[in-house]
Amino acid sequence: MLIYLLKGKSYFCDMAKSKTIFYCQSCGAQHSQWMGKCTRCGEWNTIAEEVVEKETKSYTWQKEIDKTPVLFNVLEIPSSGEQRIVTGNNELDRVLGGGLVQGSVSLLGGEPGIGKSTLLLQLALQLTHIRVLYVSGEESASQIRMRAERIGMQSEQCFILTETNVGKILQHAQRIKPDLMIIDSVQTLQSDYVESGPGSVSQIRESAMEMIKFAKKTQVPVILVGHITKEGVIAGPKILEHMVDVVLQFEGERNHLYRLLRAQKNRYGSTHELGIFEMVGEGLREVLNPSEVLISAKDSALSGNAVAATLEGIRPMLIEVQALVSTAVYGTPQRTTTGFDTKRLNMLLAVLEKRAGFQLASKDVFLNITGGIRVDDPAIDLAVVAAVLSSYENVALPDNACFAAEIGLSGEIRPVNRVEQRIHEAEKMGYDIIFVSKFNKIKTSNYNIRVETAGTVGDIFRLIF
Ligand code: TYD
Ligand code: MG
């Protein structure tokens, strides 16, 4: 009976010719066989087998738009300039270099829960004058609707699609003809031309490639959300970052309100710009004047607090540094920092000990940059030293003073770049004194703020206490 039923049927489904490739999940390198260690990036246990379909089918959605010539003489390329969509979100526009460029592909990376979906949905809803297609493979339509209600809906031209299949997404895109397409996230995309599961190297690469082709052919800008791994890099092959035009990083401490948006790569603008947002009940609010919000208001001056005039990229920002120096309870003193490099703090403490004679080796030192912001600008050194000394001496610094200088290993106070811009920011924010290096070539009389210069950490100590 059984035999009869099966008779005449092929047991083998019509499988497309497929081949398997071994991909390194870390760098995306292809190998013909499994290995314990990737020969390209040297990572162990990162090679996985992925099935790739051999036949390259022609993409159906492309057939109609495939007529444009691709071979150009460089002089004959029409110079349309860069057509940009100004998003109206000042912080985002600034980081993008003045808006989204037509046909560009941007990748937005960030830790889970940092606010990537919120930022992009907000963008989609803010752009009332253009048609936006927001594709989500992570949330259901009703979840997005709930979020949209929190943010406040303005746009009537924002379309939500919950789909992960690249072909179907692009078919919908062809029908809806959006002016901007947002994909949340690239790790959920699935292309029919690759058999391995979503999130695998070949799948991410193929799906991203199709999105890029779509953007270039139709001139519709595409924003892709990318997850990041626990090491802090965008998950998937590194080449993904090479393929796209713009790589944005959204960062911040999850328990703090502030979020920073940086461009790691931008083919249409500078990577020095920084966008600052605050997470509030109605989504992300732009922070147009960071200095104002990052300095905590207090009634009386407290010891251990100092204000640094830093520069994030090219954006001046006043940041508060808090230090606490106390006698170590255990044999090995603790050095704990938030938002600042612990090694750098150890170096500054060693300089204070060796060059200025402060007995810090037996002290616990805690350092905190307020607002949960991470600062890499070396100009914050002087404020760190001032905060540590202030806490050590238990004497408050004048609350109308701020600092901008780097500290060298021999205890010298070194000049920093764009010092004029920092001084102007301090002046604008109503500070009366700014301490800088005496090696900065500036005329201190040019400013309405008192500019004090110092050459060594010893000088600074005499100046402030
Ligand atoms: P989300 O955009 O989902 O993060 P991602 O897409 O990067 O994973 O952000 C979710 C977090 O943001 C969540 O923890 C709650 C918070 N949030 C607010 O504080 N206010 C809001 O209005 C919204 C929409 C989210
Ligand atoms: Mg999300």
Highest to lowest packing among 87-93, 250-256, scored as the average C-beta count within 10 Å: 87-93, 250-256
Kirkwood-Stokes translational diffusion coefficient of the chain, alpha-carbon pairs, 37 °C, 0.692 mPa s, µm²/s: 129
Members of 363/438; 116/265; 37/238; 19/238; 116/168 lying beyond 20 Å, as alpha-carbon distances in this model show: 363/438; 19/238; 116/168
Kirkwood Rh, angstrom, region 153-289 [1 / mean 1/r, Cα pairs]: 16.5
Alpha carbon centroid spacing (whole Å) that separates region 363-431 from region 86-105: 33
Nearest-0.05 FRET efficiency for residue 72 and residue 254, computed from C-beta distance (R0 45 Å): 0.45
Order by protection proxy (mean Cβ within 10 Å, highest first), peptides 37-50, 184-197, 325-338: 184-197, 37-50, 325-338
Calculated SAXS-style log₁₀ I(q)/I(0) at q = 0.14, 0.17 Å⁻¹ - region 252-298, Debye, Cα scatterers: -0.42, -0.59
Residue-level accessible surface for residue 245, protein heavy atoms, 1.4 Å, Å²: 10
Percent of alpha-carbon pairs separated by more than 20 Å within region 282-350: 47
Antiparallel DSSP beta bridges within the chain, as percent of all bridges there, nearest 5: 55
Convex hull volume of region 130-199 per residue (C-alpha atoms, cubic angstrom): 82
Straight-distance crosslink candidates among aspartates and glutamates, where the alpha carbon sits under 15 Å from residue 230 and sequence neighbours closer than 8 are dropped: 111, 251, 253
Bins of 10 Å, starting at 0 and running to the largest distance - Cα pair percent for region 197-259: 19, 46, 26, 9, 0
Sum of -39500 (n - 2.57) over DSSP H runs of 4+, divided by residues of the chain (222 nm, nearest 500): -7500 deg cm²/dmol
Global geometry of region 338-456, whether rounded, prolate or oblate, following the gyration tensor of its Cα atoms and the 1.5 cut on a/c: prolate
Helix 166-176 vs. the chain, principal-axis angle (Cα, 0 to 90°, nearest 10): 90
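The values are calculated or read from the model by the stated rules, or taken from the named source; none is laboratory data. Predicted, not measured: the structure shown is a model, and the values here were computed from it. Methodologically, a virtual Cβ is constructed for each residue, glycine included, from the backbone with ideal geometry; neighbour enumeration extends over all protein chains shown. Heads up: the accessible areas ignore ligands, DNA and RNA and are worked out on the full protein's heavy atoms, side chains in. Shrake-Rupley method; radii C 1.70, N 1.55, O 1.52, S 1.80 Å.
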